[in-house]
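The values are calculated or read from the model by the stated rules, or taken from the named source; none is laboratory data. Being a predicted model, the structure only gives us computed values, none of them experimental. Because the Cβ atoms are built from the backbone with ideal geometry, glycine has one as well, and the counts that use them run over all protein chains shown. Heavy atoms of the whole protein, side chains included, go into the accessibility calculation; ligands, DNA and RNA do not. Shrake-Rupley method; radii C 1.70, N 1.55, O 1.52, S 1.80 Å.
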Amino acid sequence: MRTLRISAISFLNTAPLMWDFEHDPTEEHLSNFEITYTVPSACAKALKDGAADIGIIPAFTYAEIPNLIIIPDVAIAARGPVRSILLISKVPIEGIRTVATDTSSRTSVALTQVIFGNWFGGKRQLVPMDPDLPRMLEHADAALLIGDAALLAKTAEYHVYDLAELWEEHTGKPFVFAVWAVRDQALREAKPGLDVAGIFQRSRDHGIHPNSILNIARDWSPRLGLSENDIRAYLAENIYYYLDQACLDGLSLFFQYSVDCRLIEKMPRLKFTQ
């Protein structure tokens with residue numbers, strides 16, 4: 001029996017998922033888990049390397065890391081515009097030839113490749129860069145920004161494409177950006193009877209309560225320089241926190257497109273905790 005090491009994302013959109021871990025002083029959350037914060041791609045690496053037991057990982061990386069189990073019914077998803085996964089371009093999307101990519105999330109990079117490969121004439125040249133919009137657009141036709149960097153980007157003079165919106169327009173399905181995943185070995189080593197799925201689902205439920213969203217907006221507004229109303233609307237209206245059947249269908253379709261685009265070798269089989 002040991003504590004489970006959580007690798008979480010230091011983005012605004014994850015704050016509701018972490019509500020109980022940051023606000024509930026009960027023994028369940030203090031003694032059974034240790035938490036570190038990073039970016040999505042580093043969460044996945046920590047799980048792959050065994051440095052973490054549970055991570056909110058880019059959905060795409062589930063297909064690349066063996067022996068992971070998904071916590072059911074919890075996700076970071078979108079059923080339309082998401083506002084925080086943006087392709088920002090100096091030219092219309094059909095004319096883009098090079099894309100500077102923020103590599104913090106493998107899912108967003110893969111989604112960019114799927115969108116170009118299926119609906120806009122084929123793959124483009126990707127140039128990995130730090131999320132600095134002016135510098136990215138000095139080196140490429142367009143820039144892929146994710147998370148808080150996308151929310152804060154100054155885009156008035158550019159063509160802006162919301163990738164979740166493009167996905168929904170072409171498929172009619174939600175898009176799943178991230179899921180909670182657990183190493184199966186860690187579950188076997190955890191405290192007997194620990195209701196891991198229930199703990200994470202309840203944290204989500206408490207975090208998306210309107211009063212919690214208001215508290216998160218008050219906390220994050222001075223950090224990001226966004227209004228409380230803007231943050232509240234983003235969390236309540238743009239992000240969808242459930243891994244329901246529609247999202248599972250969208251996730252399966254994304255994996256199929258990823259196989260077709262040769263981004264992964266085969267469709268992963270989704271496995272869930274009890």
Do the conditions hold for SER31, that is, is it buried (at least 22 other Cβ atoms within 10 Å of the Cβ) and among the polar types (S, T, N, Q)?
no
Those residues of region 202-211 that are under 13 Å from ASP20 (Cβ atoms) and open to solvent by 10 Å² or more (accessible area, probe 1.4 Å) come to a total of 5
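Determine whether VAL114 is in a loop (DSSP other than H, G, I, E, B), in contact (Cβ under 8 Å) with a residue 12 or more places away in the chain and open to solvent by less than 10 Å² (accessible area, probe 1.4 Å). Spell out the reasoning first.
Numbers: in a loop (DSSP other than H, G, I, E, B): no; in contact (Cβ under 8 Å) with a residue 12 or more places away in the chain: yes; open to solvent by less than 10 Å² (accessible area, probe 1.4 Å): yes.
Criteria not met by VAL114.
Which of the residues that make up region 125-144 are over 17 Å from HIS159 (Cα atoms) and crowded, with 18+ Cβ neighbours inside 10 Å?
Once the filter is applied, which keeps residues that are over 17 Å from HIS159 (Cα atoms) and crowded, with 18+ Cβ neighbours inside 10 Å, region 125-144 yields MET129, PRO131.
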I'm trying to understand the selection: among the residues of region 152-173, which are out of contact with any helix residue (DSSP H, G or I) (no Cβ under 7 Å at 6 or more places or on another chain), in a helix (DSSP H, G or I) and open to solvent by 30 Å² or more (accessible area, probe 1.4 Å)?
GLU165, GLU168, GLU169
Among the candidates VAL91, VAL99, residue that is more than 30 Å from ASP219 (Cα to Cα) and surrounded by fewer than 22 Cβ atoms within 10 Å (Cβ to Cβ)
VAL91
Output the qualifying pairs, or none if there are none: Cβ atoms under 9 angstrom, residues six or more apart or on different chains, first residue in region 160-174 and among the charged types (D, E, K, R), second residue in a strand (DSSP E or B) and buried (at least 23 other Cβ atoms within 10 Å of the Cβ).
ASP162/ALA78; ASP162/ILE85; ASP162/LEU86; ASP162/LEU87; GLU165/ALA78; GLU168/ALA78; GLU168/PHE175
Please enumerate the residues belonging to region 174-200 that are open to solvent by 50 Å² or more (accessible area, probe 1.4 Å) and either within 20 Å of ASP24 (Cα to Cα) or part of a loop (DSSP other than H, G, I, E, B) (or both).
LYS191, PRO192, GLY193, ASP195
